[in-house]
Amino acid sequence: MPGNSQRPNRRTSNKKGMQVGSGGQRRKALKGKGPTPPAEMRTGHVKKRAADARARRDAARPAARRGAKGAAEMVVGRNPVVEALRAGVPAKTLYVQQFLESDDRVTEAIKLAMERGSVNLLEASKAELDRLTGALHHQGVVLQVPPYEYAHPDDLLGAAHDEGRPPLIVALDGVTDPRNLGAVVRSVAAFGGHGVVVPERRAAGMTAGAWKTSAGTAARTPVARATNLTRALQAYQKAGLTVVGLAADGEAELADVAALDGPLVVVVGSEGKGLSRLVGETCDVRARIPMPGGAESLNAGVAAGIVLYEAARRRA
């Protein structure tokens, strides 16, 4: 209209110029895809399939059996406490009696506990220590060992798969001496095994004595607990492992067992009774260790060490 000085704004171009601080928003094709994901997250990768299989096993496993723990233990007495701390046995709390007349052993126990940094140091009355230990002769020094966290038998297969080697497992049937368990754990670690399986009942567990005998190898060699050892062995057989039981009257000599270089479970019975009937019947083969010296039997730690050495030699 005449006299109207206002004019509408008109864009002379549809092209929008670069904005300050835009950071090159139009160059999305150059944007990086980020770091390469680990093998366990890559679709189709063998490690991804193994991780998925472990997750399915964990989901199907009863919650009460996951991360099963043993009972807390009290190591009592000056010499046993010092020996346990020297051997690297896991410890939670060191109790020292109030107004205790100290000697070299008490001093060393306190020093070793302080050097770890993770062990609580507590002073307690004699009455309190008597209560904690059930009135055992504690000599004013008590070491609390935390409960051991047992693996599940399936976890040992997972460890072998991750390493890309045939599983090598030792199962103990009726072995009740913790020192024998510790010796077997040490042999398994020495010869590249993947762990030890023990029954939940009537069997040695990972006590302070077992830790000491293992010479620290229990920290890196898992011990699994099976509710039923026979069923655990059958599950291993279904997974492709050969179950070889050691028996003085075995039908084959150890040197003649061809399965030692493949996926293997070695079953060791107690020194007195050997393999139980059901476990013996479950084994694929029962092998004997020749003993020219005429000894009737070997303890579990020695027997397991011999078989593990032979298996490791064949796999080398």
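List of remarks:
- Pairs, first under 23 Å from Ala87 (Cα atoms) in the range 164-181, second among the hydroxyl-bearing types (Ser, Thr, Tyr), C-beta under 6 Å, six or more apart: Val175/Ser270; Pro178/Thr207; Arg179/Thr213
- For Ser187, the criteria (1) of a type outside the set (D, E, K, R); (2) under 30 Å from Gly88 (Cα atoms); (3) part of a loop (DSSP other than H, G, I, E, B) hold in every case but one, which is (3).
- Any hit, the range 81-90, residues being farther than 14 Å from Ala208 by Cβ and open to solvent by less than 40 Å² (accessible area, probe 1.4 Å): no
- Of all residues in the range 113-162, those satisfying the criterion of being free of Cβ contacts under 8 Å to residues at least 12 places away in the same chain and farther than 19 Å from Glu73 by Cβ are Met114, Glu115, Gly117, Ala127.
- Verdict on Ser118 being part of a loop (DSSP other than H, G, I, E, B), on the phi < 0 side of the Ramachandran plot and within 33 Å of the chain's Cα centre (by Cα): yes
- Residues that are in contact with a Pro (Cβ under 7 Å, 6 or more places away or on another chain) and open to solvent by 20 Å² or more (accessible area, probe 1.4 Å), drawn from the range 199-210: Thr207, Gly209
- Among the residues of the range 73-88, just one is assigned to a loop (DSSP other than H, G, I, E, B) and modelled with pLDDT of 90 or more, namely Gly77.
- Selection within the range 285-316: residues that are more than 13 Å from Ala248 (Cα to Cα) and charged (D, E, K, R). The member of this set that is surrounded by the fewest Cβ atoms within 10 Å (Cβ to Cβ) is Arg313.
- Qualifying residue in the range 242-257 (condition: closer than 16 Å to Pro153 by Cα and either in contact with a helix residue (DSSP H, G or I) (Cβ under 7 Å, 6 or more places away or on another chain) or open to solvent by 50 Å² or more (accessible area, probe 1.4 Å) (or both)): yes
- The number of residues in the range 214-240 that are in contact with a Gly (Cβ under 9 Å, 6 or more places away or on another chain), open to solvent by 10 Å² or more (accessible area, probe 1.4 Å) and touching a residue at least 60 places away in the same chain (Cβ under 8 Å) comes to 5.
- Residue match in the range 181-198 (condition: of a type in the set (S, T, N, Q), crowded, with 20+ Cβ neighbours inside 10 Å and out of contact with any Asp or Glu (no Cβ under 8 Å at 6 or more places or on another chain)): yes
- Scan of the range 133-176 for residues that are acidic (Asp, Glu), outside any helix (DSSP H, G or I) and crowded, with 18+ Cβ neighbours inside 10 Å, ordered by number: Asp173
The values are calculated or read from the model by the stated rules, or taken from the named source; none is laboratory data. A quick note: this is a predicted structure, and the numbers were derived from the prediction, not measured. A quick note on method: Cβ atoms are made from the backbone with ideal geometry, for glycine too, and the neighbour counts reach across all protein chains shown. Calculation scope for accessible area: heavy atoms of the full protein, side chains included, ligands and nucleic acids excluded. Shrake-Rupley method; radii C 1.70, N 1.55, O 1.52, S 1.80 Å.
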